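*Asks:* Just passing along the structure, written as structure tokens.
The values are calculated or read from the model by the stated rules, or taken from the named source; none is laboratory data. Note that the structure is predicted; figures quoted are calculated from it, not measured. Reconstructed Cβ throughout: ideal geometry from the backbone, glycine too, with neighbour counts over all protein chains shown. These area figures cover heavy atoms from the full protein model, side chains too; ligands, DNA and RNA do not enter into them. Shrake-Rupley method; radii C 1.70, N 1.55, O 1.52, S 1.80 Å.
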Amino acid sequence: MARDTGAKCRQCRREGMKLFLKGERCVGPKCAMERRPVVPGQHGLMRRKEKEYGTQLREKQKVKRAYGVLERQFRKTYEEAVRLKGVTGENLLSLLERRLDNVVYRMGIGSSRAEARQIVSHRHITVNGKSVNIASYLTKKGDVIAIKENKKDLEMFKELKNQKMVFPKWLEFNGAKLSGVILDLPQRDDIDLNIQENLIIELYSR
């Protein structure tokens with residue numbers, strides 16, 4: 001399976017914002033955006049004037065990198081967003097938020113989306129009682145996301161029982177049971193990343 005093997009911190013610097021690709025490191029003093037918040041490369045300190053296409057492309061790359069989605073997957077998600085009723089840009093972000101790896105991350109089971117994707121691919125997660133190892137699995141309202149019974153004693157999951165987190169209003173997670181529920185479909189104001197989805201739609205509409 002194809003995957004992006006580039007340096008995570010370099011990706012944040014290229015997009016000019018924290019994408020939280022490395023979990024706890026991103027909120028500490030070792031974060032690259034805190035130490036060197038400039039575009040990577042020898043000309044990183046030079047001011048660059050981007051044209052309209054470049055601005056649209058950067059916005060698409062930012063979202064792709066934040067959610068860990070490759071171009072072909074992202075294009076398919078966009079095409080699905082176009083077919084749905086409503087605003088295409090909001091549909092696109094909602095579909096990305098509903099990916100199983102992102103839901104696992106939002107519930108605090110993984111410290112980053114990359115770690116959450118690994119947890120899913122290693123068959124640690126069930127959806128409505130059935131094992132699912134597909135990171136792009138699209139969750140829906142009412143789905144119960146849980147850690148497998150025979151995996152709950154793993155050291156990586158023990159601390160979840162006592163953690164205190166603020167979850168998005170469309171999710172609920174029970175640390176004692178190590179399971180959560182999709183209460184509703186995510187709305188535009190539930191997404192905390194600084195994204196201008198209209199630029200992505202303009203790019204694909206060329």
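*Asks:* Show me the ranking of peptides 148-160, 52-64 by mean Cβ neighbours inside 10 Å, starting with the highest.
*Replies:* Averaged packing, sorted descending, gives the order 52-64, 148-160.
*Asks:* Next question. Using a 1.4 angstrom probe on the protein heavy atoms only, could you order Phe167, Phe74, Phe173 from most to least accessible area?
*Replies:* Heavy-atom accessible area, descending, gives Phe167, Phe173, Phe74.
*Asks:* Using the basic label-point model (7 angstrom from Cα toward the beta carbon), what is the Gln196 to Asp184 distance in nanometres?
*Replies:* 2.9
*Asks:* Please find the FRET efficiency linking Lys130 to Phe167, where r is the Cβ-Cβ separation and R0 is fixed at 41 Å, and quote it to the nearest 0.05.
*Replies:* 0.95
*Asks:* Can you list the trypsin sites (Lys or Arg not before Pro) in segment 65-126 that are in a DSSP coil and have 13 or fewer other beta carbons within 10 angstrom?
*Replies:* Counting only loop positions with at most 13 other Cβ atoms within 10 Å, the trypsin sites (Lys or Arg not before Pro) in segment 65-126 are Lys85, Arg123.
*Asks:* Taking the Cα centre as origin and putting +1 on Lys and Arg beta-carbons and -1 on Asp and Glu beta-carbons, what dipole magnitude results for segment 136-206, to the nearest 20 debye?
*Replies:* 280
*Asks:* Within the set Lys64/Lys140; Lys76/Lys164; Lys62/Lys152; Lys76/Lys177; Lys64/Lys177, which residue pairs have Cα atoms separated by over 25 Å? Before the final figure, lay out each step's value.
*Replies:* On the way: Lys64/Lys140 21 Å; Lys76/Lys164 36 Å; Lys62/Lys152 34 Å; Lys76/Lys177 35 Å; Lys64/Lys177 32 Å.
Among Lys64/Lys140; Lys76/Lys164; Lys62/Lys152; Lys76/Lys177; Lys64/Lys177, the Cα-Cα distance tops 25 Å for Lys76/Lys164; Lys62/Lys152; Lys76/Lys177; Lys64/Lys177.
*Asks:* Assuming 0.36 nm per residue, please report the length gained on full extension of the stretch Leu70 to Met156 beyond their Cα-Cα distance.
*Replies:* Difference between extended and current length: 28.2 nm.
*Asks:* Let me ask something additional. Residue separation times 0.36 nm, minus the C-alpha to C-alpha distance between Leu57 and Glu80: what's the value?
*Replies:* Details: separation 23, 0.36 × 23 = 8.28 nm, distance 1.97 nm.
Working it through step by step, the gained length comes to 6.3 nm.
*Asks:* Taking a 1.4 Å probe, which of Val104, Val82 shows the most accessible area, and what order do the others take after it? Spell out each step's value before the answer.
*Replies:* Numbers: Val104 0, Val82 75 Å².
Heavy-atom accessible area, descending, gives Val82, Val104.
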